[in-house]
Amino acid sequence: MPFTTPDRRKFLALSGAAALGACTPALTEEEVQVVTDLERFGFVPVEGYGLIEDGEYTLPPIPPSFLEYPNRRQLVFYDGTLPAGTIEIDPFAKFLYWILEDGTAWRYPIAVGRAGRSLRRPTTISRKVEWPGWTPTANMLRSQPEVYGAFRGGVPGGLASPLGARALYLYQGGRDTYYRIHGTNDLGSIGNSGSAGCIRLFNHDIIDLYERVPSGTHVEIRSKSESERILGPKLSNRGVELPANIVSPETIYGATDVDVTGDGESETDA
């Protein structure tokens with residue numbers, strides 16, 4: 001579907017036409033889908049960000065308000081210097097690039113947490129996991145027990161996991177760096193910096209990226225000067241610094257019927 005959100009008058013007109021049935025001209029397939037989507041979600045999903053059935057899990061569409069340009073996946077001309085088959089992360093403009101052979105790249109909007117901002121050296125994707133579990137590190141529990149204390153036992157993989165639908169694990173010299181490129185349930189963080197986290201994408205985007213990149217892919221970090229040269233100072237300083245997101249475990253995880261006391265895997269900040 002194109003990036004459109006029909007106004008209320010169109011919705012009422014389409015709904016009325018659907019109700020009248022034989023008394024009105026038949027709706028096109030697209031019009032029927034518009035009515036269905038508005039009834040189910042209250043909006044028409046943006047192309048590439050609609051409902052996803054992923055094994056036993058269902059990801060709802062991402063509301064268009066979170067996908068205002070440039071906060072959506074896009075095929076762009078690549079103006080950087082890295083070879084095809086490389087991931088380049090721009091932590092200043094909040095973009096991740098998957099570079100292609102033809103001089104283009106898939107550009108994904110990202111959130112960059114404190115851990116992600118400290119990532120400077122090249123790494124390699126040596127492990128890929130679908131629906132990974134998560135456990136806060138000892139440092140997270142020590143520094144912010146009011147945020148992470150409820151999850152010290154770990155969050156198993158699933159809809160409640162702070163690592164989202166997929167995780168790409170970054171290694172250096174065969175050793176785990178504990179940096180991750182992963183999904184997130186915090187839609188409002190994309191395009192911004194946070195007090196925690198590595199490199200986060202919409203779950204829809206990490207699923208797309210996961211299918212494209214093989215293990216062994218090199219990951220490089222774009223410098224601030226290179227970011228400003230390519231994108232300009234305004235776009236290369238995109239986003240705001242978000243405060244710590246202190247939430248009730250019942251509010252976030254209780255609705256998913258996931259046991260947050262199960263075993264998980266120790267990670268960096270999610």
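Of the residues making up segment 126-143, those that are modelled with pLDDT under 90, over 19 Å from Arg175 (Cβ atoms) and either of a type in the set (D, E, K, R) or surrounded by fewer than 17 Cβ atoms within 10 Å (Cβ to Cβ) (or both) are Leu141, Arg142, Ser143. How many residues does segment 128-143 hold that are part of a loop (DSSP other than H, G, I, E, B) and over 14 Å from Cys198 (Cα atoms)? Total satisfying the criteria: 3. Considering every residue within segment 47-58, establish whether at least one is touching a Gly at 6+ places or on another chain (Cβ under 6 Å) and not assigned by TED's automatic domain parsing to the domain that holds Thr123. Within segment 47-58, not a single residue is touching a Gly at 6+ places or on another chain (Cβ under 6 Å) and not assigned by TED's automatic domain parsing to the domain that holds Thr123.
Candidates are the residues of segment 144-154 that are more than 30 Å from Glu211 (Cα to Cα) and in a helix (DSSP H, G or I); the one that is modelled with the lowest pLDDT is Val147.
Does Thr123 count as of a type in the set (Ser, Thr, Tyr) and either surrounded by fewer than 21 Cβ atoms within 10 Å (Cβ to Cβ) or not assigned by TED's automatic domain parsing to the domain that holds Asn203 (or both)? Here the answer is no, as Thr123 does not meet what is asked.
Listed by position, the strands (runs of 3 or more DSSP E) contained in segment 1-117 that have at least 3 residues being at pLDDT 95 or above and surrounded by 14 or more Cβ atoms within 10 Å (Cβ to Cβ) are 86-90, 95-99, 104-109.
Please count how many residues of segment 199-215 are over 8 Å from the mean Cα position of the chain (by Cα) and not basic (Lys, Arg). Lay out the reasoning, then the answer.
Residues of segment 199-215 over 8 Å from the mean Cα position of the chain (by Cα): 199, 207-215.
Then keep just the ones that are not basic (Lys, Arg); that gives 199, 207-211, 213-215.
Result for segment 199-215: 9.
Residue pairs whose Cβ atoms lie under 6 Å apart, separated by 6 or more positions or on different chains, with the first residue in segment 145-156 and assigned by TED's automatic domain parsing to the domain that holds Pro132 and the second part of a helix (DSSP H, G or I), are Tyr148/Met140; Tyr148/Leu141; Ala150/Pro249; Arg152/Leu141.
The values are calculated or read from the model by the stated rules, or taken from the named source; none is laboratory data. Please read these numbers as outputs of a predicted model, since none were measured by experiment. Backbone-built Cβ (ideal geometry, glycine too); neighbour counts: all protein chains shown.
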